[in-house]
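Peer 1: One structure follows; several queries about it will come next.
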Amino acid sequence: MPVPNLFIIGAPKCGTTALAHYISEHPEAFICDPKEPFYFCDDFPRLRQAQGLTDDAAYLALFDGADPARHKAIGEGSTNYLRSETAVANALRMNPDAKFIAMLRNPVEVVHAFHMELHFSRNEDEADFETAWRLQDARARGERIPESAQAELWLQYREMAMFSRQIERFFALVPEDQRLVLLQEDLNADCGAVYRQ
């Protein structure tokens, strides 16, 4: 059974979907469907449950279409893995040699775009970003959480944009030769160069 060896770990709204699509177009790459199984972020249990992945066998079944003899890269792109405090370590337990790509973007743009996406998908019930931002402390106490929210931690916009803390944890866990950090701005400026990288 194929085991993933590539993880595009986020952050949200930074071009991970585009990058996963471009990688999947390569004949030696396989990206699972759904792109974001959220399997390793057990600190976001509702996300994992939403995909119905109850154990490693169910997760690994997502990669049944991969052929290790042909596909050098077998992967997925769960953007929440960078924000998660457990996901990268969990992925490394499954495959200690896996490669990781983290995509980042101006954090102010990220939180605004992420808020809009959450509101559109009904994970956020507050349409006004400033009001949603001011609700973070109350929501951290379990107040004003929308019933439809898939992940209460997503409503902590400040934490979502704390890339320095997330990258420090990422670098502490993943050896330098197994990690790559890309910027969405670079992808937009020269998609081909970033793809080749």
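Peer 1: Could you please tell me which pairs satisfy a Cβ distance under 8 Å, a separation of 6+ or placement on different chains, a first residue in the stretch 136-164 that is farther than 15 Å from Pro12 by Cα and open to solvent by 50 Å² or more (accessible area, probe 1.4 Å), and a second residue that is in a loop (DSSP other than H, G, I, E, B) and of a type in the set (Lys, Arg)?
Peer 2: Listed by first residue and then by second, the contacts come to Ser148/Arg122.
Peer 1: Taking the conditions exactly as written (touching a residue at least 24 places away in the same chain (Cβ under 8 Å) and part of a loop (DSSP other than H, G, I, E, B)), does Arg122 satisfy them or not? Step through it out loud before you land on a result.
Peer 2: Details: touching a residue at least 24 places away in the same chain (Cβ under 8 Å): yes; part of a loop (DSSP other than H, G, I, E, B): yes.
Taking the combined requirement at face value, the residue satisfies it.
Peer 1: Of the residues that sit in the stretch 175-197 and are under 16 Å from the mean Cα position of the chain (by Cα) and not basic (Lys, Arg), which one is surrounded by the most Cβ atoms within 10 Å (Cβ to Cβ)? Working first, answer last.
Peer 2: Within the stretch 175-197, the first condition is being under 16 Å from the mean Cα position of the chain (by Cα), and the residues that meet it are 179-184.
Next, only the ones that are not basic (Lys, Arg) stay: 180-184.
Working: Leu180: 15, Val181: 14, Leu182: 19, Leu183: 16, Gln184: 21.
Filtering the stretch 175-197 for residues that are under 16 Å from the mean Cα position of the chain (by Cα) and not basic (Lys, Arg), the one surrounded by the most Cβ atoms within 10 Å (Cβ to Cβ) comes out as Gln184.
Peer 1: Any idea which residue in the stretch 80-110 is nearest to the chain's Cα centre (by Cα), counting only those that are among the β-branched types (Val, Ile, Thr), assigned to a helix (DSSP H, G or I) and surrounded by 20 or more Cβ atoms within 10 Å (Cβ to Cβ)? Let's see the steps before the verdict.
Peer 2: Filtering the stretch 80-110 for residues among the β-branched types (Val, Ile, Thr) gives 86, 88, 101, 108, 110.
From what's left, assigned to a helix (DSSP H, G or I): 88, 108, 110.
Now drop any that are not surrounded by 20 or more Cβ atoms within 10 Å (Cβ to Cβ), which leaves 88, 110.
Values: Val88: 10, Val110: 13 Å.
So, considering only residues that are among the β-branched types (Val, Ile, Thr), assigned to a helix (DSSP H, G or I) and surrounded by 20 or more Cβ atoms within 10 Å (Cβ to Cβ), the one nearest to the chain's Cα centre (by Cα) is Val88.
Each row is one residue, and each column tells you yes or no for (1) within 15 Å of the chain's Cα centre (by Cα); (2) among the aliphatic types (A, V, I, L, M).
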{"site": "Phe7", "(1), (2)": "yes, no"}
{"site": "Lys13", "(1), (2)": "yes, no"}
{"site": "Tyr22", "(1), (2)": "no, no"}
{"site": "Lys35", "(1), (2)": "yes, no"}
{"site": "Leu47", "(1), (2)": "yes, yes"}
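Peer 1: List the residue pairs whose Cβ atoms are under 6 Å apart, where the first residue sits in the stretch 173-197 and is closer than 21 Å to Arg83 by Cα, the second is of a type in the set (D, E, K, R), and the two are 6 or more positions apart or on different chains.
Peer 2: Final answer for the pair search is Gln178/Lys99; Gln184/Arg105.
Peer 1: Does the stretch 60-77 hold any residues that are closer than 11 Å to Asp33 by Cα and surrounded by 16 or more Cβ atoms within 10 Å (Cβ to Cβ), and which are they? Walk me through it before giving the result.
Peer 2: So the first thing to find is which residues in the stretch 60-77 are closer than 11 Å to Asp33 by Cα, and the list is 61-65, 75-77.
Leu62, Phe63, Gly75, Glu76, Gly77, listed by residue number.
The values are calculated or read from the model by the stated rules, or taken from the named source; none is laboratory data. Keep in mind that this is a model prediction, so the values were computed, not measured. All Cβ positions, even for glycine, are placed from backbone atoms using ideal geometry, and neighbour counts span all protein chains on display. Quick note on the areas: whole protein, heavy atoms, side chains included, nothing else; ligands and nucleic acids left out. Shrake-Rupley method; radii C 1.70, N 1.55, O 1.52, S 1.80 Å.
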